[in-house]
Amino acid sequence: QAHAKVWHLYNDHFRPTQRGKVSIALSSHWIKPQRMTEKNIKECQKSLDFVLGWFAKPIFIDGDYPESMRSNLSSLLPEFSEVEKKYIKGTADFFALSFGATLSFQLLDSHMKFQQLESISLRQLLYWISSEYNKPQIFIVENSWFVSGSTKRDDAKYIYYLKKFIMETLKAIRYDGVSVFGYTVWSLLDGFEWHRGYSIRRGLFYVDFQSHDKKLMPKSSVLFYQKLIEKNGFPPLPENQPIEGIFPCGFAWGIVDNYIQVDTTPAQFLDSNVYVWDVHQTKQLIKVDGVFTSKRKRHCVDFAAIRLQVSLLQEMHVTHFHFSLKWSLILPLGNLSLINHTLVHYYQCFASELLRVNITPVVALWQPMAENQELPVSLAKYGAWENPETIQAFVEYAKFCFTSLGDHVKFWITMNEPSVKNLTYTAGHNLLKAHAKAWHLYDKEFRRSQKGKISIALQADWVEPACPFSGNDQEVADRILEFDIGWLAEPIFGNGDYPQVMRAWLHRRNAVDLYNFHLPYFSEDEKKLIQGSFDFFALSHYTTTLVGWEKEDALKYDHYLEVQMINDITWLQSPNRAAVVPWGLRKLLKWLKSKYGDVPIYVMANGIDDDQNMVHDKLRVYYIQNYINEALKAYTLDNVNLQGYFVYSFNDKTAPNYGLYSYVANQYEPKPSMKHYREIIDNNGFPGPETPELLCPEEIASCPECHFFRTGKSLLAFISFIFVAFIVTIFFITYYSKRVERRYK
């Protein structure tokens with residue numbers, strides 16, 4: 001009633017001359033149902049009625065309280081007279097909303113939630129207000145988040161919540177038709193936060209409460225908000241716009257399956273037993289004892305599982321297929337004393353069948369998995385990669401694979417995605433030496449005859465400073481890149497030793513910590529052995545992470561590296577909460593080029609998980625489209641020597657929720673993302689009207705059996721001539737012999 005009287009006072013006596021407007025600022029939360037049932041939805045409506053509708057409905061609708069309040073509170077709720085209702089109704093020139101400043105982040109009385117879930121979706125609240133109160137003009141008079149009281153000036157968490165709220169406001173205007181004409185950040189500077197005291201901060205300006213003069217210092221959020229105001233929102237950045245263009249001839253379009261489906265069940269044609277069919281009683285085959293047929297040699301056609309997998313790959317139109325061998329199954333004892341010849345024959349057949357249909361096998365010798373790191377038990381039991389003996393065991397295993405499969409495999413990976421998160425420095429040290437020895441073994445003994453190439457594949461997600469204006473955050477990002485990628489990459493692709501940043505940081509940590517983090521040293525001979533042991537740079541890339549130096553969230557803070565992991569909550573995320581950040585791939589590729597030069601690069605795995613119930617597979621289609629386009633930018637605009645791109649993964653059977661083929665009831669079905677990827681492959685990128693046509697020489701099938709016919713054409717012609725001459729000579733000898741016989745008769 002007081003608000004209504006003031007509004008009428010202004011309306012009657014001041015508006016004609018001052019031409020202003022008056023409203024009341026109402027705080028609200030947003031609530032969502034625990035389950036999408038009619039009862040829970042009504043409870044959510046009741047929650048908003050009790051908090052926001054209590055004041056908003058009398059003013060914006062009909063002068064009276066919400067019906068849900070009347071039915072629940074009965075006599076506790078005062079009654080308005082009809083005169084009062086008319087007097088209160090319409091006493092607002094706009095809807096002034098406060099969101100996040102007072103009622104959000106668990107400050108709402110639990111009874112007001114009606115057992116539903118509180119949410120911070122400003123967009124949904126704006127749409128609800130617009131629908132509930134006859135599309136009023138809305139002014140957001142207070143909106144904010146908060147950071148820890150210990151956070152100083154690099155308030156990345158505050159920035160990303162501010163970005164989220166303003167983006168949601170823009171979406172409500174653009175997509176939902178909500179009329180929002182103003183936005184106000186809460187608050188200008190840090191202050192006393194009522195019952196939270198000084199334990200949190202909300203200001204754009206930092207206040208040192210312990211200092212005498214309480215000097216104000218701008219935070220990173222000030223710069224962010226300032227630039228956002230200058231741009232009046234989020235205009236599309238030129239560097240984020242898709243480009244048209246195509247990849248070079250011979251570009252490797254591939255798909256990944258960590259471990260192919262192995263089914264070595266013998267075919268019925270290999271069974272030497274004789275059976276009779278009992279057609280009268282059991283209707284089954286009965287083996288005849290003591291009667292056998294002659295045994296025949298195994299053939300690749302006996303493996304039905306291979307034909308199915310190869311046919312699916314053909315359907316995809318890929319040129320390369322990347323998979324890993326199982327060291328623990330090929331050599332169960334970790335040495336050549338026991339060899340699984342059946343499995344080796346299966347791999348040989350799989351590779352030869354791929355070549356037969358013009359698909360190049362890309363084979364990794366080892367990929368770490370959860371159980372025993374996919375090492376033979378005897379090696380895993382005695383220290384795994386911590387044990388130097390594993391180095392020589394790996395080299396012997398590699399030699400066996402080169403010998404057994406090298407006729408069919410020309411594209412080798414020594415180690416695929418060794419996880420630096422799970423490696424000790426000693427294990428990483430031995431792993432690098434094992435890789436280098438395997439590379440030199442191939443280079444000296446097999447390259448000339450097999451004409452293949454070999455390298456290591458590293459996982460390389462991009463790391464971005466959380467505050468783009470913070471030098472401290474940039475320093476942290478650079479450090480994490482060296483620990484995550486440079487640790488294994490620098491010795492091979494750089495100077496033969498670990499990054500100087502790693503050594504300096506560990507030296508500093510060892511000076512203050514109780515534990516000694518020892519990074520081993522290479523001898524000069526070992527440096528020479530490891531440096532340059534590559535033919536290309538193979539990387540797996542899935543997402544981008546944000547890092548900062550300010551400790552904000554203890555659960556996401558790495559004390560060892562002094563880094564805070566931050567989420568940009570506006571980024572698109574998968575069900576497993578992997579962020580979709582296509583531009584991170586381009587930044588990574590540029591970084592690798594600037595650091596290691598013009599080395600040939602293969603993106604050996606790039607993919608995202610998705611909900612199996614998503615029929616249209618939209619997230620993965622979006623992911624593949626945009627990540628490949630960023631790869632194209634790196635190739636065409638940044639001159640990165642990009643040679644190939646592989647999607648992860650082949651199917652849901654071996655990598656649930658990641659596959660381009662679903663697997664249900666023993667059936668493979670292509671997802672929309674597979675068809676989209678196939679279209680990109682067929683176009684060799686994203687050609688446009690202005691894209692010049694690229695004429696590529698037709699590739700010849702790369703099969704060992706065809707090698708003679710490609711390289712010995714002259715010899716083949718000579719042999720053909722001799723053969724024809726021989727046949728003609730025999731014909732004439734026979735012909736004249738018969739004539740002579742007839743003459744004498």
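The values are calculated or read from the model by the stated rules, or taken from the named source; none is laboratory data. Remember, predicted model here, so these are calculated numbers, not experimental data. Every residue, glycine as well, gets a Cβ built from its backbone with ideal geometry; the counts of neighbours run over all protein chains shown. Just the protein is used for accessible areas: all its heavy atoms, side chains included, with ligands, DNA and RNA removed. Shrake-Rupley method; radii C 1.70, N 1.55, O 1.52, S 1.80 Å.
The requirement of being buried (at least 20 other Cβ atoms within 10 Å of the Cβ) and over 28 Å from H322 (Cα atoms) is not satisfied by F234. Considering segment 637-670, the residues that are acidic (D, E) and touching a Ser or Thr at 6+ places or on another chain (Cβ under 8 Å) include one that is surrounded by the most Cβ atoms within 10 Å (Cβ to Cβ), namely D652. Only a single criterion out of (1) open to solvent by 30 Å² or more (accessible area, probe 1.4 Å); (2) under 30 Å from S150 (Cβ atoms); (3) not in a loop (DSSP other than H, G, I, E, B) is not satisfied by L228, namely (1). The selection criterion, being modelled with pLDDT of 95 or more and surrounded by fewer than 18 Cβ atoms within 10 Å (Cβ to Cβ), holds for T403.
Return the residues of segment 438-456 that are of a type outside the set (A, V, I, L, M, F, W, C) and either part of a helix (DSSP H, G or I) or under 25 Å from P418 (Cα atoms) (or both); say none if nothing qualifies.
H440, Y442, D443, K444, E445, R447, R448, S449, Q450, G452, K453, S455 - these are the residues of segment 438-456 that are of a type outside the set (A, V, I, L, M, F, W, C) and either part of a helix (DSSP H, G or I) or under 25 Å from P418 (Cα atoms) (or both).
In the condition set (1) open to solvent by 20 Å² or more (accessible area, probe 1.4 Å); (2) part of a strand (DSSP E or B), P248 is compliant with all but (2). Of all residues in segment 20-75, count the ones that are open to solvent by less than 40 Å² (accessible area, probe 1.4 Å) and touching a Cys at 6+ places or on another chain (Cβ under 8 Å). Of the residues in that region, 2 qualify.
Taking the conditions exactly as written (at pLDDT 95 or above and assigned to a loop (DSSP other than H, G, I, E, B)), does Y65 satisfy them or not? Yes, satisfied. Entry remark, segment 457-478: residues being touching a helix residue (DSSP H, G or I) at 6+ places or on another chain (Cβ under 9 Å), open to solvent by 20 Å² or more (accessible area, probe 1.4 Å) and over 25 Å from A364 (Cβ atoms) number 4 in total. Cβ-Cβ distances below 9 Å connect the following pairs, each with a first residue in segment 679-696 that is more than 15 Å from A252 (Cα to Cα) and modelled with pLDDT of 95 or more, a second residue that is open to solvent by 90 Å² or more (accessible area, probe 1.4 Å) and assigned to a loop (DSSP other than H, G, I, E, B), and a separation of six or more residues or different chains: F686/P242; F686/E244; P687/E244; P687/E693.
L506 falls short on exactly one of the conditions (1) touching a Leu at 6+ places or on another chain (Cβ under 6 Å); (2) closer than 30 Å to G406 by Cβ; (3) part of a helix (DSSP H, G or I); (4) not small (G, A, S), and that condition is (2). Checked against the criterion of being free of Cβ contacts under 8 Å to residues at least 40 places away in the same chain and open to solvent by less than 10 Å² (accessible area, probe 1.4 Å), segment 502-509 has at least one qualifying residue. Of everything in segment 406-419, what is open to solvent by less than 30 Å² (accessible area, probe 1.4 Å) and under 16 Å from E386 (Cβ atoms)? Give them in sequence order. M415, P418, listed by residue number.
For segment 11-38, a residue qualifies if it is under 38 Å from the mean Cα position of the chain (by Cα) and basic (K, R), and the qualifying residues are K32, R35.
If you check K46, K86 for being out of contact with any Ser or Thr (no Cβ under 9 Å at 6 or more places or on another chain) and in a helix (DSSP H, G or I), only one passes: K86.
Every residue, every condition in (1) open to solvent by 40 Å² or more (accessible area, probe 1.4 Å); (2) touching a Pro at 6+ places or on another chain (Cβ under 9 Å); (3) part of a loop (DSSP other than H, G, I, E, B), yes or no:
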site: R153; (1), (2), (3): yes, yes, yes
site: K157; (1), (2), (3): yes, no, no
site: Y160; (1), (2), (3): no, no, no
site: K171; (1), (2), (3): yes, no, no
site: Y198; (1), (2), (3): yes, no, yes
site: H212; (1), (2), (3): yes, no, yes
site: F224; (1), (2), (3): no, yes, no
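Is segment 111-127 home to any residue that is open to solvent by 70 Å² or more (accessible area, probe 1.4 Å), touching a Gly at 6+ places or on another chain (Cβ under 8 Å) and either closer than 23 Å to H3 by Cα or modelled with pLDDT under 95 (or both)? Within segment 111-127, none of the residues are open to solvent by 70 Å² or more (accessible area, probe 1.4 Å), touching a Gly at 6+ places or on another chain (Cβ under 8 Å) and either closer than 23 Å to H3 by Cα or modelled with pLDDT under 95 (or both). Of the residues in segment 135-144, how many are open to solvent by 10 Å² or more (accessible area, probe 1.4 Å) and under 14 Å from Y183 (Cα atoms)? Number of matching residues: 4.
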